[in-house]
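S.K.: Have a look at this one.
Computed from the coordinates by the stated procedures, all read-outs in this text should not be read as laboratory data. All of these numbers come straight from a predicted model, not from anything done at the bench. Glycine also receives a Cβ, built like all others from the backbone with ideal geometry; neighbour counts cover every protein chain displayed.
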Amino acid sequence: MALLQQPPKVVTVALTGASGAPYALRLLQRLVAADCSVNVLISSAAQVVLATETDWQLPAGKQEQEAYFCQRLGARSQQINIYGKQQWMAPVASGSGAGEAMVVCPCSMGSLSAIANGASDNLIERAADVHLKERRPLILVPREAPYSEIHLQNMLSLTRMGAMIMPASPGFYHQPQSIDDLVDFIVARILDQLSLPQVLVPSWGQASDDAGS
């Protein structure tokens with residue numbers, strides 16, 4: 001996956017049914033802070049995970065959900081656009097309307113498999129397929145353990161297609177003090193791949209330089 005030459009103005013973020021909702025919410029928060037317009041796609045399973053792992057309780061309607069996201073994330077009006085899984089007229093369903101980059105975070109193994117095999121049975125899969133065919137950045141953040149051979153084969157296939165596999169496996173060299181610090185480690189790596197500036201986690205060498213050799 002080639003890095004963007006300049007920070008994106010429009011990013012699509014898809015939430016699927018894997019554990020890891022805090023990664024998605026922190027990513028959305030930082031994208032909003034970076035003044036990106038964000039297309040949000042949420043699977044039915046992701047809504048269950050979101051309610052289980054966080055204090056977020058999404059309302060039913062599209063407009064109500066958009067208002068809820070904007071309020072919780074401090075976004076301006078219309079900065080966040082939410083599309084349903086069968087909303088085929090959404091801009092993200094076409095190369096002529098899709099954003100500059102897409103992140104599937106967290107990415108379930110079912111979604112990973114569907115994207116790897118071009119299923120396009122719902123809007124998340126179709127949007128990912130669009131980014132692959134248009135050679136636009138596609139970052140997948142799987143959260144699973146252990147991986148089966150099928151999982152690994154699908155990741156290899158997607159890597160060969162140009163996608164970026166970014167496992168939700170935080171490092172510890174920045175001496176994390178909280179769960180938020182671990183979440184920030186992964187979100188920082190995603191932002192780096194999107195060519196968006198971040199101060200969540202120091203680059204390798206910065207922390208050790210500050211502390212001395």
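S.K.: Grab the alpha carbons of the chain, take their convex hull, and tell me the volume per residue in Å³.
M.R.: 131
S.K.: With the Cα gyration tensor of the range 125-213 in hand, give its eigenvalues times 5 under a square root as the equivalent ellipsoid semi-axes, listed largest first in whole angstrom.
M.R.: The equivalent ellipsoid of the range 125-213 has semi-axes of 29, 16, 11 Å.
S.K.: Pick out, from Ala127, Ala188, Ala145, the residue whose Cα sits farthest towards the positive end of the charge dipole of the chain, with +1 on the Cβ of Lys and Arg and -1 on the Cβ of Asp and Glu.
M.R.: So the residue furthest toward the plus end is Ala127.
S.K.: Sort Ser94, Ser77 by Cβ crowding within 10 Å, fewest neighbours at the top. Display every interim value, and only then the final one.
M.R.: Working: Ser94 14, Ser77 8.
Ascending number of Cβ neighbours within 10 Å: Ser77, Ser94.
S.K.: Moving on. Going through the range 126-206, which trypsin sites (Lys or Arg not before Pro) have at most 14 other Cβ atoms within 10 Å and a DSSP loop state?
M.R.: Sites meeting the loop and neighbour criteria: Arg135.
S.K.: Continuing with the same structure: First select every other residue whose beta carbon is under 11 angstrom from the beta carbon of Gly162; then total the charges, Lys and Arg +1, Asp and Glu -1.
M.R.: Charge balance in the 11 Å sphere: +3.
S.K.: Between Ser195 and Glu64, what is the label-to-label distance in nm when each label sits 7 Å out along the Cα-to-Cβ direction?
M.R.: In this crude spin-label approximation the distance works out to 4.0 nm.
S.K.: Would you calculate, for the chain, the mean residue ellipticity at 222 nm contributed by helices, counting each DSSP H stretch of 4 or more residues as -39,500 (n - 2.57) and dividing by all residues, to the nearest 500?
M.R.: Theoretical 222 nm ellipticity from helices: -12500 deg cm²/dmol.
S.K.: Only Cα pairs within less than 10 Å get springs; with that Gaussian network setup on the chain, which residue of Gln175, Gln78, Gln86 has the largest fluctuation?
M.R.: Top of the fluctuation ranking is Gln175.
S.K.: Please give every one of the lysines within straight-line cross-link reach of Lys85, meaning a C-alpha to C-alpha distance under 18 Å, and leave out same-chain neighbours fewer than 8 residues apart.
M.R.: Lys62
S.K.: Helix by helix through the chain, keep the DSSP H runs that span 20 Å or more along the axis on Cα and average at least -0.5 on Kyte-Doolittle, and give those back in order. Display every interim value, and only then the final one.
M.R.: Details: long enough: 179-193 (22 Å, 0.81).
Both cut-offs are met by 179-193.
S.K.: Next up: So if each residue of separation counts as 0.36 nm, and I subtract the Cα-Cα distance between Lys9 and Ser169, what length gain in nm does that give?
M.R.: Numbers: separation 160, 0.36 × 160 = 57.60 nm, distance 2.72 nm.
Extra length available between Lys9 and Ser169 comes to 54.9 nm.
S.K.: Connecting C-alpha atoms closer than 10 Å in a GNM of the chain, tell me which of Ile80, Ile150, Ile186 has the biggest fluctuation.
M.R.: Largest GNM mean-square fluctuation: Ile150.
S.K.: I need the trypsin sites (Lys or Arg not before Pro) found in the range 56-118, filtered to DSSP loop residues with at most 13 other beta carbons within 10 Å of theirs.
M.R.: Answer by residue number: Arg76.
S.K.: Can you list which of the GluC sites (Glu not before Pro) found in the range 113-196 are DSSP loop residues with at most 16 other C-beta atoms within 10 Å?
M.R.: Details: sites: Glu125, Glu134, Glu144, Glu149; in loops: Glu134, Glu144.
When the GluC sites (Glu not before Pro) of the range 113-196 are filtered for loop state and at most 16 Cβ neighbours within 10 Å, Glu134 remain.
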